[in-house]
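What follows is a set of notes on a single structure, which appears directly below.
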Amino acid sequence: MVAAATLHAFSTEMLVGSMTFSVIATVLCLGESMLEKLGEKAQRGLDQSAYYAAIFSLCCIPVVALTGTASGDASASPVLVNKMLLSGLCLGLWIGVVHGRRTWGPEMWSNRKMGFVHTGFVCAGYTTAAMLGSIGSVMTRGETVGDLFGIWPHFDNAPSISFGMSMVLALLSLSALLVVIFVQPKGETVES
Amino acid sequence: MRRTLLLVTLLLLVLCVPPLSANPGGTGDGNRDAACGGSCHGDPGLSEPSSAVLTFSTDRDSAYVGGPISVTITVTEMELSSRGLVGVFLLSDTHGVADTPQDAGWTILSNGEGGATNYAETHALDAESGVTMTWSLLAPSSEGTYDFYAAVHHGGDGAARMKISDANNVTVGPVPDNLPQMLPWDAMTSRSLGEPTDLSMPVVNATAVALEYRIGEGPIATIEATQGADTWVATLPAALSDISLSYRVVMSNDEFTETTGWIAVSNEIEEYSADIFAVRLQSMALLFASLALCISIQRRMSRSPQKSLGEPEAALISADQTSMVVPTPSVEPVAMAPSLALDDPRRPVGWTDEQWLHYGPDHIAQNPGGGF
């Protein structure tokens, strides 16, 4: 048998690799939409690459979260609690990234404002994933590359919220999501 | 050409990855054999020699069977990583298997770092002052000459490094008659903050037993122990903060006074505990909220400006609400009379403005041609 920690490391590498690829391709798309140096064909290729890499990394996130949960007792460590919280945030942001690209379509890069917003979501999701990886690195190796930046958080303390308040928060956020999905007018694909 | 340059650059970047490094954050204290059973420090392909100077000393020339002795290892002049982490071993052999002092029959009362293990990690401020660790031991139950080795694992200059000292002999001799002795004992090396600790010490051949303790390297305080059925009992005062406390046992009778080595006490910080279901709910809340934020912004931005302009604010809600609107009776459009100029030449003489505006259209209709 392979230990859950080993599977966690494997799936994390898959996730971070594909996510990094997606981020780089997205940033290049944004740059191309402003500078127009590479041509339409290259931009289309970058956009497709970013999209499918994002879908792949989205598939990896639940695997990473499950193997991570199986490889340690989160209730005994504030660092692991923070990992679980950031996992939820990362998954939400990354679903949003894939949803946005699917809704707006490949022509979204013709709208500079949309391009900036989409790239912003991609970078936010990736930063969250980088924080997760940084926490894992601190736990296993005692240090993180993030320390080079000087202001990288270590998440030694976790919020202490009761079960009842957590339930209220979950219900409120679920309500907000349902309102957005079923009440707000649906988005439209950007036409060229 | 550009592609070639790009590929060469990427390959160079791969080659630039430095051949680091074992466990820069350490692996924690523990009972370990020499080289941790072939860790990165012990792997000749990864490890490099250390320039450390290892100094071995004891608090007495020899020990009695079962008697106390303190062994001090000082490590200086080693390369240091930016963390300055150093792992020090007290070993009884260097074969890689069954190398701990316990394997040779010794009892470790304290490693000086708040534990009772043969390997402990600590941080060095600099290579010149180095690190010093003192183990408090009880000798084996059989006489003889025993070997001790000091070893160190550390990093520095981008490589894992290790060094093992030569053998140092310690003689364990016969117990003199009537020597006060500590029987095999699990010394207390950690306790909770704010709680005094009762220590039961299995001492034989003693007429008086005292517990000496100190904070850091401060003055020594003494507590007299009272004799119980089989043990001597003393109470160590509570620590109110995370201080560096150590204690030792002084056993005496008319002929001898025996003292154990200093035993360091670590403070157990209250363990963290979280409700895992609450954490999962919080994680889900973050997921839903961040997703709602993303979708909301995306949908709002993807609405075309024409549609947004043509809709009232309420139209942002897409539900069909026409059934809520109360129908109003339809009003037939009133045919508006064409406006009349006050200086119209068809205006009869003597009509006021009000008369002309009110009756003028009828007048014009009844008198086609102007009504003159």
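The values are calculated or read from the model by the stated rules, or taken from the named source; none is laboratory data. Bear in mind that the values here come from a model prediction, so they are computed numbers and not experimental data. When we count neighbours, we look across all protein chains shown, and the Cβ atoms used for this are built from the backbone with ideal geometry, even at glycine. Note: accessible area is taken over every heavy atom of the protein model, side chains too, but ligands, DNA and RNA are not part of it. Shrake-Rupley method; radii C 1.70, N 1.55, O 1.52, S 1.80 Å.
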Within the set of pairs 6+ apart or on separate chains, which have a first residue in the range B:256-283 that is more than 14 Å from chain A (Cβ to nearest Cβ), a second that is open to solvent by 70 Å² or more (accessible area, probe 1.4 Å), and C-beta atoms under 6 Å apart? B:N267/B:D242
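Given the structure, is A:V138 more than 9 Å from chain B (Cβ to nearest Cβ) and touching a Phe, Trp or Tyr at 6+ places or on another chain (Cβ under 9 Å)? Can you show your working first?
Working: more than 9 Å from chain B (Cβ to nearest Cβ): no; touching a Phe, Trp or Tyr at 6+ places or on another chain (Cβ under 9 Å): yes.
Judged against the criteria, A:V138 is not a match.
Out of the range A:99-125, which residues are out of contact with any Gly (no Cβ under 6 Å at 6 or more places or on another chain) and either within 9 Å of chain B (Cβ to nearest Cβ) or crowded, with 22+ Cβ neighbours inside 10 Å (or both)? Before you say what the answer is, go through the steps one by one.
Taking the range A:99-125 first, the residues out of contact with any Gly (no Cβ under 6 Å at 6 or more places or on another chain) are A:99-102, A:104-108, A:110-117, A:119-120, A:122-125.
Within the range A:99-125, A:H99, A:G100, A:R101, A:W104, A:M108, A:N111, A:K113, A:M114, A:V117, A:V122, A:A124, A:G125 qualify.
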For A:A176, indicate whether it is open to solvent by 20 Å² or more (accessible area, probe 1.4 Å), part of a helix (DSSP H, G or I), more than 7 Å from chain B (Cβ to nearest Cβ) and closer than 19 Å to A:L85 by Cα. no
When every residue in the range A:28-86 that is closer than 30 Å to A:S160 by Cβ, without any contact (Cβ under 8 Å) to a residue 12 or more places away in the chain and open to solvent by 50 Å² or more (accessible area, probe 1.4 Å) is compared, the one nearest to the other protein chains (Cβ to nearest Cβ) is A:A76
Of (1) assigned to a helix (DSSP H, G or I); (2) more than 8 Å from chain B (Cβ to nearest Cβ); (3) more than 20 Å from A:W94 (Cα to Cα), A:A130 satisfies all except one. Which? (3)
Check B:G84 against each of (1) at positive phi; (2) open to solvent by 10 Å² or more (accessible area, probe 1.4 Å) and name the one condition it does not meet. (2)
Only one of these conditions is not met by B:E212: (1) open to solvent by 50 Å² or more (accessible area, probe 1.4 Å); (2) among the acidic types (D, E); (3) modelled with pLDDT of 90 or more. Which number is it? (1)
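For the range A:23-37, does any single residue satisfy the condition of being touching a Cys at 6+ places or on another chain (Cβ under 6 Å), part of a helix (DSSP H, G or I) and at negative phi?
Within the range A:23-37, the first condition is being touching a Cys at 6+ places or on another chain (Cβ under 6 Å), and the residues that meet it are none.
Checked against the condition, which is being touching a Cys at 6+ places or on another chain (Cβ under 6 Å), part of a helix (DSSP H, G or I) and at negative phi, the range A:23-37 yields no hits at all.
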With respect to B:L293, is the statement that it is within 14 Å of chain A (Cβ to nearest Cβ), in contact with a Gly (Cβ under 8 Å, 6 or more places away or on another chain), modelled with pLDDT of 85 or more and open to solvent by 50 Å² or more (accessible area, probe 1.4 Å) true? yes
Being in a loop (DSSP other than H, G, I, E, B), buried (at least 19 other Cβ atoms within 10 Å of the Cβ) and within 8 Å of chain B (Cβ to nearest Cβ) is the requirement here; does A:A170 meet it? no
Evaluate the following for B:W185: is it in contact with a strand residue (DSSP E or B) (Cβ under 9 Å, 6 or more places away or on another chain) and modelled with pLDDT of 90 or more? no
Which numbered condition in (1) within 25 Å of B:S283 (Cα to Cα); (2) part of a loop (DSSP other than H, G, I, E, B); (3) in contact with a Gly (Cβ under 9 Å, 6 or more places away or on another chain) is the only one that A:G72 fails? (3)
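To keep it simple, each residue is scored yes or no on (1) of a type in the set (V, I, T); (2) at pLDDT 90 or above; (3) open to solvent by 20 Å² or more (accessible area, probe 1.4 Å).
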{"position": "B:A208", "(1), (2), (3)": "no, yes, yes"}
{"position": "B:I220", "(1), (2), (3)": "yes, yes, yes"}
{"position": "B:G228", "(1), (2), (3)": "no, no, yes"}
{"position": "B:I243", "(1), (2), (3)": "yes, no, yes"}
{"position": "B:V249", "(1), (2), (3)": "yes, yes, no"}
{"position": "B:E255", "(1), (2), (3)": "no, no, yes"}
{"position": "B:I269", "(1), (2), (3)": "yes, no, yes"}
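Going by the conditions given, is A:V183 at pLDDT 90 or above and either over 18 Å from the mean Cα position of the chain (by Cα) or at the interface with chain B (Cβ under 9 Å from one of its Cβ atoms) (or both)? Spell out the reasoning first.
Details: at pLDDT 90 or above: yes; either over 18 Å from the mean Cα position of the chain (by Cα) or at the interface with chain B (Cβ under 9 Å from one of its Cβ atoms) (or both): yes.
So A:V183 fits the description; yes.
Mind listing whichever residues of the range A:149-167 are more than 9 Å from chain B (Cβ to nearest Cβ) and on the phi < 0 side of the Ramachandran plot?
Let us first name the residues in the range A:149-167 that are more than 9 Å from chain B (Cβ to nearest Cβ), namely A:149-157.
Answer for the range A:149-167, where residues must be more than 9 Å from chain B (Cβ to nearest Cβ) and on the phi < 0 side of the Ramachandran plot: A:F149, A:I151, A:W152, A:P153, A:H154, A:D156, A:N157.
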Check A:G133, A:G150 and return the single one that is more than 21 Å from the chain's Cα centre (by Cα) and either within 20 Å of A:L86 (Cα to Cα) or not acidic (D, E) (or both). A:G150
